[in-house]
Amino acid sequence: MNIQPLLDALGIQEDAARALADDLRAQIDTLQDRLREAEIHLEHLAITRGSVTALADRIPAQADSPNLPEHPDYPRILAVFNHTTGPLRARDVCQALDHELLPKNIEGTRAKLKRLVRLDVLTEAGTGSFTRKQ
């Protein structure tokens, strides 16, 4: 009986199993590298969280923070003024808030700015020109 064809078939299967094992080992190596990177990232995030928490304890409470009206634009308007040095017009603020520059939006923003002046948060530096109160 000739067993050579059987041995050839076994050789083919061994080669295929060996190739699969090599491929799986390579995938394991790649996954171990990715896992190591993810663990390092998690460590960095934990360190950052600790730093932020420690710093938050040192920041004084802002008792002088104004009571703003219940509209989401008001904190955004203040953020715009916090990132600028000079006076802004309603149109500038409207543009910074990514509102469409339509008269109704500009006038609505101007009304909000005037309200912040009445709340003593902003000052009207000139006609239609607003700055953060110092």
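The values are calculated or read from the model by the stated rules, or taken from the named source; none is laboratory data. Given the structure is predicted, the values throughout are model-derived calculations rather than measurements. Every residue, glycine among them, receives a Cβ derived from its backbone with ideal geometry; neighbour counts consider all protein chains shown. Each accessible area value is taken on the protein alone, full model and side chains, heavy atoms only, with ligands, DNA and RNA left out. Shrake-Rupley method; radii C 1.70, N 1.55, O 1.52, S 1.80 Å.
Structure above, values below:
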{"item": "Subset of segment 87-128 (residues that are touching a Cys at 6+ places or on another chain (Cβ under 9 Å), within 16 Å of Pro75 (Cα to Cα), surrounded by 17 or more Cβ atoms within 10 Å (Cβ to Cβ) and not basic (Lys, Arg))", "result": "Thr109"}
{"item": "Residue match in segment 54-71 (condition: open to solvent by 60 Å² or more (accessible area, probe 1.4 Å), touching a strand residue (DSSP E or B) at 6+ places or on another chain (Cβ under 8 Å) and not in a helix (DSSP H, G or I))", "result": "no"}
{"item": "All positions within segment 93-107 that are free of Cβ contacts under 8 Å to residues at least 12 places away in the same chain and more than 19 Å from the chain's Cα centre (by Cα)", "result": "Gln95, His99, Glu100, Leu101, Leu102, Pro103, Lys104, Asn105"}
{"item": "Neighbours by Cβ (under 6 Å, 6+ apart or cross-chain): first from segment 41-68, farther than 27 Å from Leu122 by Cα; second modelled with pLDDT under 85", "result": "none"}
{"item": "Any chance Thr131 is touching a Pro at 6+ places or on another chain (Cβ under 9 Å) and open to solvent by less than 40 Å² (accessible area, probe 1.4 Å)", "result": "yes"}
{"item": "Residues (over 14 Å from Cys94 (Cα atoms) and part of a strand (DSSP E or B)) located in segment 108-129", "result": "Leu122, Thr123, Glu124, Ala125, Gly126"}
{"item": "In segment 51-92, the residues that are at pLDDT 80 or above, within 21 Å of the chain's Cα centre (by Cα) and among the small types (Gly, Ala, Ser)", "result": "Ser51, Ala79"}
{"item": "Any hit, segment 28-35, residues being open to solvent by less than 60 Å² (accessible area, probe 1.4 Å) and either at pLDDT 90 or above or assigned to a helix (DSSP H, G or I) (or both)", "result": "no"}
